[in-house]
Protein chains: 2
Amino acid sequence: MFNFTLHLPTKILFGKGQIAEIKNQIPAGAKILMTYGGGSIKRNGVYDQVLDVLKGFEIVEFSGIEPNPQFSTLMKAVELGRREKVDFLLAVGGGSVLDGTKFIASAINFQGNEWEIVKSHGTVIKSALPIGAILTLPATGSEMNGNAVVSRKETQDKLGFFSPFVKPQFSVLDPTTTFSLPPRQTANGVVDAFVHTFEQYMTYPVDAKVQDRFAEGVFLTLIEEGPKALAEPENYDVRANIMWAATIALNGILGIGVPQDWASHGIGHELTAQYGLDHGQTLAIVVPAIMWHQREFKKEKLVQFAQRVWGYQGNDREQAIRVAIDKTRAFFEQMGTPTRLSAYGIDDSQFPSVLSKLKEHKTENLGEHKNIDIKAAEEILRLAL
Amino acid sequence: MFNFTLHLPTKILFGKGQIAEIKNQIPAGAKILMTYGGGSIKRNGVYDQVLDVLKGFEIVEFSGIEPNPQFSTLMKAVELGRREKVDFLLAVGGGSVLDGTKFIASAINFQGNEWEIVKSHGTVIKSALPIGAILTLPATGSEMNGNAVVSRKETQDKLGFFSPFVKPQFSVLDPTTTFSLPPRQTANGVVDAFVHTFEQYMTYPVDAKVQDRFAEGVFLTLIEEGPKALAEPENYDVRANIMWAATIALNGILGIGVPQDWASHGIGHELTAQYGLDHGQTLAIVVPAIMWHQREFKKEKLVQFAQRVWGYQGNDREQAIRVAIDKTRAFFEQMGTPTRLSAYGIDDSQFPSVLSKLKEHKTENLGEHKNIDIKAAEEILRLAL
């Protein structure tokens, strides 16, 4: 096991009715910038609940944070926050709203060009306004970590940053807020959480037994509950298990002390930037291709994954690896998320552009062995056609 | 799944060499009360490491915190801390040193009779001095939670308290500090961590899939690594896996959103108070007896435990339950911890005294169903003879 530091300061308030608790978590007298997306929180009642609970607080609203939140949109919120002199940010929505709010929180008092926050991957952040979150889409894990991803359409950039200063102070996870999610968003969320787990697990063994067992537990939970969430969208326990699994998948617990991959995310971000694919879709496309391309480097974990997660009981290593890949692909497809570029009508004509962006973002040596260079990335993209 | 709140503010610094990091974690200029036990930290080099790292800090030492820390001992540290006006506590040792330090931290500025801190189970605590910890014995999980147990010999009391104010600000977990542990302490620690997991798992199902899988992961890790730690005490990965498993076993991650038992701890504490048995020994004695006595109430989880942890593949429920109990007992015995009172030379002559203390401590309705009354507790003790 590698050395690690783990710090999880975010307080989690989990369960039906927990939105009522936020009035006790936000400092009295705070002026709140409430951020949200396209209005689904108005349709599902969350918006009304929040305003009702926060009576007595001064609230400024900023809506319209889009999926893959755009720098230009977020800068409008930054200007609003500066003008209104807000001192607490309340993000209500999914990963995009949370990620965008992390950017806003670090940018409001930032001295300098705000794009540096993203471009430096967060290293320039020295402080941020406090953030609280009400999660309505389990997927990214943003509710309990310091990660965010921000996009810039005009330059086709989609980049991640991290800072301990943007970890939410609290996050409310009420599974009933997810009952009304469209199937595609439910599926994307399950695939995203699955692949977060995968990025921290499917590398090479370092004898980190708790982390391995925990990752396998998250895989098994998502495999059991994902299809049920599509079939029974208002099953509370199913939604609760998915919501908690998605948070755990990227709060740090799975990734401490072990090697991490993140090549699927690196390549996937470029596919979203180039083609506008959903984040979950890009992962479903890239992961099976990477599993096959990197099978020699990941063989021990592929076999363990086949055995412990997919129930493979034979003793043929090649067969186990095929089981691991085929079952993973079948699971994504079962969730309604196609796993080949061709299923989205994409051919290889724009690969040169995707690959040059990978190079520009200095992500040309991806994976736990840093062995996925531009040539390997192209091979992976061709395997995903 | 039940609603829950989870807050894990303690920063974990895990791995070889991490003691050096504490100088960056303790506020500059702090006057430190360093607490420890009987001197094992002087023999294994940890004491010298700490003093070396903290050159420049003003340090007051308090040694002699015993296993099952005594109120009278701790009050001497409280008086020292008051006299010296310390403002940071650094606990260096195992669960007893950490628990004792939590009492000291909350008592130094406490107005009133300090025994109330324990007797109220912590509810009277409104503030505490900040605590950092260097753990040298994985077992109690005290390094990442707000729990502590304090004893009072003259009244044969052993009581737990909890407060969010005594959660350590940081804890260093360096597995090399555990290489020199005597086998009995290694075994007690593994049994303790196993039973912490058990108390949060072996109840009734509430469809909390992540929590169940995580608990099973901790069981499997301890079962695989415990005997290895006895055979290869300086195997780093084995010690690291046990150390992390023991922290995870009681930091809250396993117990959120699920029913909890704690009857084994309730009865076990009285056995320590009455007979002076090690905490781990009392758990090894009580757990198999409770499993059998409560088998009807715990049947679903006993079967799941037999299948997922002990590899039972049949479909006979009674047989599965027997497998669960027999394998658990065998594991404790394999760790060198006898599972019957008679093995420690104890008969039933002092049972009336144990039972009257249970009653006095208002712990006469134990278990997740509150159905273990004094009569049931006596039956359990007799099963453990």
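B:ARG329 - would you say it is touching a helix residue (DSSP H, G or I) at 6+ places or on another chain (Cβ under 7 Å), loosely packed, with under 15 Cβ neighbours inside 10 Å and closer than 19 Å to B:ILE290 by Cα? Working first, answer last.
Details: touching a helix residue (DSSP H, G or I) at 6+ places or on another chain (Cβ under 7 Å): yes; loosely packed, with under 15 Cβ neighbours inside 10 Å: no; closer than 19 Å to B:ILE290 by Cα: yes.
Criteria not met by B:ARG329.
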- Only one of these conditions is not met by B:ILE134: (1) of a type in the set (Val, Ile, Thr); (2) closer than 29 Å to B:ALA263 by Cβ; (3) within 17 Å of the chain's Cα centre (by Cα). Which number is it? (2)
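Where in segment B:1-100 are there strands (runs of 3 or more DSSP E), lying fully within it, with 2 or more residues that are within 21 Å of B:THR176 (Cα to Cα) and more than 14 Å from chain A (Cβ to nearest Cβ)? Explain how you work it out, then say what you get.
On the way: elements: B:4-14, B:31-35, B:58-62, B:88-93.
In segment B:1-100, B:31-35, B:88-93 are the strands (runs of 3 or more DSSP E) which contain 2 or more residues that are within 21 Å of B:THR176 (Cα to Cα) and more than 14 Å from chain A (Cβ to nearest Cβ).
Residues that are without any contact (Cβ under 8 Å) to a residue 40 or more places away in the chain: list the helices (runs of 4 or more DSSP H) wholly contained in segment A:246-363 that include at least 3 such residues.
Of the helices (runs of 4 or more DSSP H) lying wholly inside segment A:246-363, those with at least 3 residues that are without any contact (Cβ under 8 Å) to a residue 40 or more places away in the chain span A:299-308, A:317-334, A:351-360.
Condition test on A:ALA229, is it under 25 Å from A:ALA330 (Cβ atoms), more than 9 Å from chain B (Cβ to nearest Cβ), crowded, with 23+ Cβ neighbours inside 10 Å and not basic (Lys, Arg)? Lay out the reasoning, then the answer.
Values: under 25 Å from A:ALA330 (Cβ atoms): yes; more than 9 Å from chain B (Cβ to nearest Cβ): yes; crowded, with 23+ Cβ neighbours inside 10 Å: yes; not basic (Lys, Arg): yes.
Yes.
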- Task: Considering (1) away from every other protein chain (no Cβ under 14 Å); (2) open to solvent by 10 Å² or more (accessible area, probe 1.4 Å); (3) part of a loop (DSSP other than H, G, I, E, B), say which one A:GLY160 fails and leave the rest.
- Result: (3)
- Message: Against the condition in contact with a strand residue (DSSP E or B) (Cβ under 7 Å, 6 or more places away or on another chain) and surrounded by 21 or more Cβ atoms within 10 Å (Cβ to Cβ), how does B:VAL195 come out, does it pass?
- Response: no
- Query: Got at least one residue in segment B:354-364 being under 14 Å from B:LEU283 (Cβ atoms) and of a type outside the set (Asp, Glu)?
  - Reply: no
- Task: Could you check how many residues of segment A:36-72 are among the polar types (S, T, N, Q), within 23 Å of the chain's Cα centre (by Cα) and surrounded by 18 or more Cβ atoms within 10 Å (Cβ to Cβ)?
- Result: 3
- Item | Members of segment A:232-245 found to be surrounded by 24 or more Cβ atoms within 10 Å (Cβ to Cβ), at the interface with another protein chain (Cβ under 9 Å from one of its Cβ atoms) and either in contact (Cβ under 8 Å) with a residue 24 or more places away in the chain or under 20 Å from A:ALA306 (Cβ atoms) (or both), listed by number | A:ALA240, A:TRP244, A:ALA245
- Note on the structure: Sole miss for A:GLU143 among (1) open to solvent by 10 Å² or more (accessible area, probe 1.4 Å); (2) in contact with a strand residue (DSSP E or B) (Cβ under 8 Å, 6 or more places away or on another chain); (3) not β-branched (Val, Ile, Thr) is condition (1)
- Message: For segment B:203-226, give me each residue that is touching an Asp or Glu at 6+ places or on another chain (Cβ under 6 Å) and more than 7 Å from every other protein chain (Cβ to nearest Cβ).
- Response: B:THR203, B:PRO205
- Note on the structure: Going through (1) open to solvent by 20 Å² or more (accessible area, probe 1.4 Å); (2) outside any loop (DSSP other than H, G, I, E, B) one by one, A:HIS369 fails only at (2)
- Message: Against the condition free of Cβ contacts under 8 Å to residues at least 40 places away in the same chain and of a type in the set (D, E, K, R), how does A:GLU224 come out, does it pass?
- Response: yes
- Message: If a residue must be under 16 Å from B:GLU58 (Cβ atoms) and out of contact with any Gly (no Cβ under 7 Å at 6 or more places or on another chain), how many such residues does segment B:24-46 contain?
- Response: 7
- Spot the failing condition for B:TYR204; the list is (1) surrounded by 18 or more Cβ atoms within 10 Å (Cβ to Cβ); (2) at negative phi; (3) not small (Gly, Ala, Ser), and only one is missed. (1)
- Subset of segment A:192-202 [more than 13 Å from every other protein chain (Cβ to nearest Cβ) and farther than 23 Å from A:PHE297 by Cβ]: A:ASP192
- Out of all the residues in segment A:119-135, which are of a type outside the set (A, V, I, L, M, F, W, C), at negative phi and open to solvent by less than 10 Å² (accessible area, probe 1.4 Å)? A:GLY132
- Hey, does segment B:269-283 have a residue that's open to solvent by less than 10 Å² (accessible area, probe 1.4 Å) and closer than 26 Å to B:PRO205 by Cβ? yes
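Select from segment A:232-245 the residues that are assigned to a loop (DSSP other than H, G, I, E, B) and in contact with a strand residue (DSSP E or B) (Cβ under 9 Å, 6 or more places away or on another chain) and list them in ascending order.
none
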- Query: Out of A:ILE374, A:ILE380, A:ILE321, which single residue is farther than 16 Å from A:TRP292 by Cβ and hydrophobic (A, V, I, L, M, F, W, C)?
  - Reply: A:ILE374
- Pull up segment B:353-366, narrow it to residues that are within 21 Å of B:ARG295 (Cα to Cα) and in contact with a helix residue (DSSP H, G or I) (Cβ under 6 Å, 6 or more places away or on another chain), then point me to the one that is least open to solvent (accessible area, probe 1.4 Å). B:LEU366
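The values are calculated or read from the model by the stated rules, or taken from the named source; none is laboratory data. As the structure is a computational prediction, the values presented were derived from the model and not from experiment. For neighbour counting, all protein chains shown are included, and Cβ atoms are generated from backbone atoms with ideal geometry for every residue, glycine included. In case anyone asks, the SASA skips ligands and DNA or RNA and just uses the protein heavy atoms, side chains included. Shrake-Rupley method; radii C 1.70, N 1.55, O 1.52, S 1.80 Å.
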